[in-house]
Structure formats: C-alpha cells, structure tokens
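To keep things clear, I will list the structure first and then write my remarks on it.
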Amino acid sequence: MTEALVARGVDPARLVLVEFNPMFCRLLRTRYPTATIVQGDAYGLRRALSDVVPQHTAAAVVSSLPIVTKPIRARLRLVNEALSFLSSGAPFVQFTYAVGPPLQRALSGVLAEASERIWLNLPPARVWIYRRPDFPGHLGRCGA
Ligand SMILES: C[S@@+](CC[C@H](N)C(=O)[O-])C[C@H]1O[C@@H](n2cnc3c(N)ncnc32)[C@H](O)[C@@H]1O
C-alpha cells in the first residue's frame, strides 16, 4: 500500500507508517528511509501516534488493517482515534474484502461512503471512507 501511495506522488517524508510486525518495520525502514515508521498496535492508535502526530493535523489515514474480524468496539475505537488525528473533513480510508461495511452502525457525526466493488482486485475489494465533514460534502453510496 505504501508503494502505491508513493507511486501516486505522496512524498514518503510525509508518511507515518504504523506496523505491528518488526520484520516488516525493518523492510519499510529500508525502502522508505525518510518515512516515519512506528512499530506498534494500530488498534491503540492514539497511544501509538501520540508522540508523532499532533491531533487534527493529518491529511489522511489509509488502512489495510484486518478489520472485520475485530470486535465492533475495537473497530469503532480505531475509526474514532484515527479521526482525532485528522484535520476536519480529511478521510479515514479502509480497504476491505468483506461484503458488508467495516462498521455496521453509524458513528455520530461521521459520514461514510463506499466505492464500487473492484472486481479486478483479487480477491475483489471495496474502499470505505469515513470523515467528519466541516462542509456539506458529497456522499456516494452510504452504508453505516
Ligand atoms: C493486509 S496486510 C497489508 C500489508 C501492506 N500494508 C500492504 O498493503 O501490502 C496487513 C498488515 O497489517 C499489519 N497489522 C495487522 N494488525 C495490526 C495492528 N493491530 N497494528 C499494526 N499493524 C497491524 C500486518 O502485520 C500486515 O503487515
């Protein structure tokens, strides 16, 4: 995913990468020496990023975390904590192979939109975006 972000023009120096696996962290440090790599648990995002990212400043959070296997409380906490790092209106982006949405119930004040199912991805995947709008933004197909 990092590779795809960088290929589309995101400066690696702007990236903060949260990864649990120490071997994967080493690989990321080698590949993206100017990125900030945080070895930690993304399901405790506030703690993992508290010394690294000021609240309400991030341009986006992009997640390829396994999510639908997690209890709903952990998912809600993840999205809430991610939104607390984002500037107003900025997106929390979550990939999922699941048929349903990552959150089955709405988060107060949070807009959700979903991409079409991308059949060319193996397995077919969908992208969900959650954001707290600071403007009456457009909404695609809404789920939770
Ligand atoms: C589906 S893989 C995606 C890997 C890579 N980001 C990519 O796009 O190719 C999910 C990654 O999330 C990491 N991961 C799983 N649970 C995590 C957690 N709680 N905190 C941080 N990273 C986690 C795994 O170690 C794995 O590298």
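Take the residues of the range 35-87 that are free of Cβ contacts under 8 Å to residues at least 12 places away in the same chain and either surrounded by 18 or more Cβ atoms within 10 Å (Cβ to Cβ) or closer than 16 Å to residue 107 by Cβ (or both): which is farthest from the ligand (Cβ to nearest atom)?
Ranking the qualifying residues of the range 35-87, first place goes to 73.
Please specify each residue of the range 93-126 satisfying the condition of being open to solvent by less than 40 Å² (accessible area, probe 1.4 Å), within 24 Å of residue 55 (Cα to Cα) and touching a Ser or Thr at 6+ places or on another chain (Cβ under 7 Å).
Of everything in the range 93-126, those that are open to solvent by less than 40 Å² (accessible area, probe 1.4 Å), within 24 Å of residue 55 (Cα to Cα) and touching a Ser or Thr at 6+ places or on another chain (Cβ under 7 Å) turn out to be 93, 94, 102.
Could you check the range 1-10 and list, in sequence order, the residues that are more than 14 Å from the ligand (Cβ to nearest atom) and open to solvent by 80 Å² or more (accessible area, probe 1.4 Å)?
none
Sort out which residues of the range 1-59 are out of contact with any Leu (no Cβ under 7 Å at 6 or more places or on another chain), in a helix (DSSP H, G or I) and among the β-branched types (Val, Ile, Thr), and write them in order of number.
Selection gives 6, 30.
Looking only at the range 18-34, filter to residues that are within 8 Å of the ligand (Cβ to nearest atom) and farther than 12 Å from residue 81 by Cβ; which one of those is least open to solvent (accessible area, probe 1.4 Å)?
Across the range 18-34, the extreme among qualifying residues is 19.
The values are calculated or read from the model by the stated rules, or taken from the named source; none is laboratory data. Here the structure is a predicted model, which is why all the values come from computation and not from measurement. Don't worry about glycine lacking a Cβ; one is built from the backbone with ideal geometry, like all the others, and counts go over all protein chains shown. What goes into the accessible areas is simple: the full protein's heavy atoms, side chains included, and nothing from ligands, DNA or RNA. Shrake-Rupley method; radii C 1.70, N 1.55, O 1.52, S 1.80 Å.
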